[in-house]
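Any read-out appearing in this document is the output of simple, stated calculations on the displayed coordinates, not a laboratory observation. None of the values given here were measured: they were computed from a predicted structure. Every residue, glycine among them, receives a Cβ derived from its backbone with ideal geometry; neighbour counts consider all protein chains shown.
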Amino acid sequence: MRGADAPTRDIAVHFSRTLGATGEQVAYPAVSPERARFVSAFERVNLAQYRKALLHVWPYATVTHDRLEGDHRHKGVYG
């Protein structure tokens, strides 16, 4: 972040996914955008300082769990 001399910076994150077929929503932290204190409830993360004006992150992850077999699989990309 330009103009900041601190070695780290705090950002707030929120992850959500809505399943189109059922309309079910899953989120972390479990807060709704319909609540008055939505943004203030985001999870705080401390990052090393970077010298750019913007930080772009496009994480991708999938997880499947087979209840019958007790097996789960996952994959993800961060970048």
Subject >> (1) 1.24; (2) 1.46; (3) 2.14, with the label sought being that of the calculated Cα Rg over 2.2 N^0.38 Å >> reply: (2)
**OP:** Let me know the charge dipole size of the chain about its Cα centre in debye, to the nearest 20, where only the beta-carbon of Lys, Arg (+1) and Asp, Glu (-1) is charged.
**Re:** 400 debye
Original post:
Under a point spin-label approximation (7 Å from Cα along Cα-to-Cβ), what is the residue 63-residue 43 distance to one decimal in nm?
Top reply: 1.0 nm
Subject >> At R0 = 22 Å, FRET efficiency that the Cβ-Cβ distance of residue 53 and residue 6 yields, to 0.05 >> reply: 0.85
